[in-house]
Structure formats: C-alpha cells, structure tokens
C-alpha cells in the first residue's frame with residue numbers, strides 16, 4: 001500500500017507538471033517577448049521611452065524638410081509580381097488557353113519588355129535577382145509546369161492535368177491537383193518579399209552599425225536619405241502598404257493585404273506599422289536598441305501573417321472538401337504560405353516541422369481528407385500559439 005501511495009503521488013506530480021502552462025513575457029511590445037508563453041510571469045522588460053517623436057504615418061524628412069523616404073524599386077517589383085499573377089491566371093480562363101514559360105521567365109528577369117506597364121519594362125529592377133537564390137531554379141520549374149499543363153485540351157481531374165472548374169471558379173491544376181500559379185505567387189511573397197524583409201533589409205548587413213547613417217546618399221540628386229535609412233525604407237516597401245496604413249487599407253498589396261485579411265483575428269496591422277515607424281525613427285535618432293528591437297519585431301510579426309494564412313486556407317479547404325476546384329486551390333495556397341515560413345532564420349517553426357505538415361497533407365490533393373487538413377492546421381496553430389483563433393481564421 002505504501003508503494004502504491006508513492007506511485008500515485010508521483011503520477012499526480014507528473015500530471016501537474018506536464019499540464020503546467022509555459023510561463024514567460026506575453027507582451028509583444030516587450031524586449032523579451034516570448035511568443036510561446038501561455039502565462040505571463042511578470043518578467044517583461046521594455047525599452048526606454050524615446051525622447052524623439054515617432055510619426056503616425058510613414059513620412060520622414062531631414063532638418064531642412066526634404067523627403068528622406070524612397071522605395072521605388074520595391075514598388076516596381078511588386079508591380080511586376082502583380083502582372084505575373086495576372087498572366088498566370090489566363091491559363092485558367094478556359095481549357096487549352098496556353099501560357100508561355102518564356103514569357104514568365106522574361107517577367108521574372110525583366111527582359112524583352114514582357115509587361116503591359118511600359119514603366120516596368122523601362123525599370124532597371126527585376127524579381128529574379130532579389131529572390132532567395134537557392135530557390136530561383138524551383139520557380140523556373142513551376143513556370144515550365146504551368147506552361148505544359150496549360151496546353152491540355154481536356155478538363156483537369158485526378159490523374160489528368162488541366163483546367164478544373166466548378167462552374168464559378170476555374171484553376172489550372174497538375175494531375176495531383178496542385179495549382180502552380182499559387183506556388184509562384186505565394187512562393188514569391190516568401191522568397192522575394194518576406195526574404196528581403198527578414199533576411200536582408202532588417203539585418204546588420206543593411207542596418208548594422210557599420211552602415212552609414214550620417215551622410216545623404218546624393219543630396220544633389222534629391223537622395224537626401226542615408227544608406228541605413230534607405231535600407232529600412234526598402235524593407236517597408238516590400239510590405240506593400242500605403243504610408244498611412246492601417247488607417248488606410250485601400251490598395252494594400254500582398255503582405256499588407258494578408259495582414260489586413262486576418263487583422264480581426266491576429267491584430268497585426270497596427271503592430272507591424274508601429275514597428276516600421278519606430279524602427280525608422282530610431283535610425284533617424286541613432287537609437288540602436290530601439291532599431292534592433294523593432295527589426296526583430298517586424299520579422300516576427302510578418303512571420304505570423306504566413307502562419308495565419310496557412311491556417312486560414314487549410315480551414316477553407318475543409319469547408320470545400322468535396323469541391324475539387326476550390327479544395328485543390330486552397331490547399332495549394334495554404335502549403336505555399338506554409339513553405340514560405342522558411343525565409344526567416346529567426347522563424348518559430350523549423351524546416352522539419354514544415355516538412356512534417358507538408359507530409360500530413362500528402363502529394364495528391366484529390367485524395368486529401370478532412371483529418372489531414374485539420375491535423376495540418378492544428379500543427380501550425382500549436383507552433384504559433386494560435387489555438388484560440390484557429391477556427392476563426
């Protein structure tokens with residue numbers, strides 16, 4: 001009896017321990033914010049309130065009133081991605097509506113004047129050179145697949161490539177139901193937009209102490225910004241928001257659009273904008289601590305956009321499980337967002353966890369089950385502490 005009592009006591013202790021909530025700082029505004037903490041332990045620490053003014057819109061000037069904000073190259077690349085998206089969509093307009101892999105390659109590299117917007121053709125910018133280099137070849141394979149499948153003269157079905165339609169919506173799918181246009185669009189949201197924000201423009205190579213933050217790049221040419229200021233602006237440019245976001249959500253594009261889509265559930269809009277504004281103000285005032293804190297915050301908050309989007313699309317795929325057209329399309333979107341989470345070396349999720357979730361879905365989207373999708377959703381929501389909103393996204 002004594003041994004049994006000891007065993008029961010140990011079991012009870014184990015259960016109490018195993019059910020304990022992870023404690024830590026739960027305030028996203030704190031320096032030591034822990035996104036995995038479920039219960040606050042009162043250890044949050046904060047940066048000193050800055051002695052300088054942080055504006056409410058992304059508008060910054062120098063002491064003489066000259067505009068110091070510039071991110072035209074990012075605007076051009078977002079415009080190019082929009083045109084690529086529109087061109088790929090033509091393949092779904094009807095059976096046998098072929099698109100050209102060469103045209104997509106030209107859009108990718110901005111060669112041979114592929115855009116309807118003459119200003120984009122004249123731009124010195126391109127997408128390919130700013131895309132995560134190890135994945136450039138993968139996107140070119142997607143281009144080839146889209147071009148090949150768009151030539152199909154029969155409707156798409158399980159085992160057959162072609163346009164799959166439910167009478168209202170139509171999408172070009174592979175024989176296993178993959179919508180490669182979504183892998184390109186959402187994939188480039190990751191490999192271009194997110195990667196440039198998270199791994200290039202908010203890192204030491206662009207905003208570290210060795211980067212000039214004293215001299216205007218070229219005041220005579222109207223470039224009144226320092227190199228460090230300009231690099232932070234370029235990160236903001238890739239976000240795709242107007243300068244008065246989130247008060248103004250008109251014309252939001254890509255990352256800003258999806259942040260706004262899930263703002264009711266995740267509340268990211270104001271947090272992201274505040275981080276961009278505070279980071280730029282910190283750079284203007286040589287506040288290294290606030291600059292680094294807000295750079296990390298931008299990376300963490302944008303990461304949550306992709307996680308929230310993946311959860312959302314797995315949910316709507318469940319809602320449309322019997323509709324081949326919508327189910328295939330939504331799974332493709334969800335997985336493209338999920339796989340894009342890798343473009344941040346500080347990511348909460350690991351590559352092995354991403355691979356496990358992809359494996360949960362399986363390779364053939366015609367054969368996916370509700371259980372597969374719910375499991376994939378729940379894995380993401382657990383990793384990102386979104387269980388309280390996972391069914392609402």
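Being under 28 Å from residue 349 (Cβ atoms), crowded, with 18+ Cβ neighbours inside 10 Å and out of contact with any helix residue (DSSP H, G or I) (no Cβ under 9 Å at 6 or more places or on another chain) narrows it down to one residue among 41, 34; which is it?
When all the criteria are applied, what remains is 34.
If you go through region 198-220 one residue at a time, do you hit one that is over 17 Å from residue 289 (Cα atoms), surrounded by fewer than 23 Cβ atoms within 10 Å (Cβ to Cβ) and within 27 Å of the chain's Cα centre (by Cα)?
yes
State which residue is farthest from the chain's Cα centre (by Cα) when the search covers only region 89-114 and only residues that are buried (at least 20 other Cβ atoms within 10 Å of the Cβ) and more than 16 Å from residue 150 (Cβ to Cβ).
So the residue we want is 114.
Which numbered condition in (1) surrounded by fewer than 24 Cβ atoms within 10 Å (Cβ to Cβ); (2) touching a residue at least 24 places away in the same chain (Cβ under 8 Å); (3) closer than 19 Å to residue 259 by Cβ is the only one that residue 366 fails?
(3)
Could you grab me the full set of residues in region 306-351 that are free of Cβ contacts under 8 Å to residues at least 24 places away in the same chain and farther than 20 Å from residue 268 by Cβ?
Correct list: 319, 320, 322, 330, 350, 351.
Within region 150-164, which residues are in contact with a helix residue (DSSP H, G or I) (Cβ under 6 Å, 6 or more places away or on another chain) and in contact (Cβ under 8 Å) with a residue 24 or more places away in the chain?
Hits for region 150-164 are 150, 163, 164.
Among the residues of region 77-97, count how many are part of a helix (DSSP H, G or I) and at pLDDT below 95.
Here the count works out to 0.
Name, by its number, the condition in (1) in a loop (DSSP other than H, G, I, E, B); (2) closer than 29 Å to residue 305 by Cα that does not hold for residue 215.
Unmet condition: (2).
Return yes when residue 286 is exposed (fewer than 15 other Cβ atoms within 10 Å of the Cβ) and either touching a helix residue (DSSP H, G or I) at 6+ places or on another chain (Cβ under 7 Å) or not in a helix (DSSP H, G or I) (or both) and no when it is not.
Yes: the conditions hold for residue 286.
Please find, within region 255-278, the residue that is surrounded by the most Cβ atoms within 10 Å (Cβ to Cβ) out of those that are under 17 Å from residue 312 (Cα atoms) and over 16 Å from the mean Cα position of the chain (by Cα).
265
Go through 75, 68, 57 for me and flag whichever is touching a strand residue (DSSP E or B) at 6+ places or on another chain (Cβ under 8 Å) and surrounded by 13 or more Cβ atoms within 10 Å (Cβ to Cβ).
Within the list 75, 68, 57, the selection yields 68.
With the checklist (1) buried (at least 24 other Cβ atoms within 10 Å of the Cβ); (2) not in a helix (DSSP H, G or I) in hand, flag the one item residue 314 doesn't pass.
The number of the failed condition is (2).
Out of 296, 247, 278, which single residue is modelled with pLDDT of 95 or more and in contact with a helix residue (DSSP H, G or I) (Cβ under 8 Å, 6 or more places away or on another chain)?
Testing whether each residue is modelled with pLDDT of 95 or more and in contact with a helix residue (DSSP H, G or I) (Cβ under 8 Å, 6 or more places away or on another chain) leaves just 278.
Working only within region 348-363, note down all residues that are surrounded by fewer than 20 Cβ atoms within 10 Å (Cβ to Cβ) and either assigned to a loop (DSSP other than H, G, I, E, B) or in contact with a strand residue (DSSP E or B) (Cβ under 8 Å, 6 or more places away or on another chain) (or both).
Hits for region 348-363 are 348, 350, 362, 363.
The values are calculated or read from the model by the stated rules, or taken from the named source; none is laboratory data. All figures in this text were calculated on a predicted structure; none of them were measured in a lab. Cβ sites come from the backbone with ideal geometry, for glycine too, and all protein chains shown count toward neighbours.
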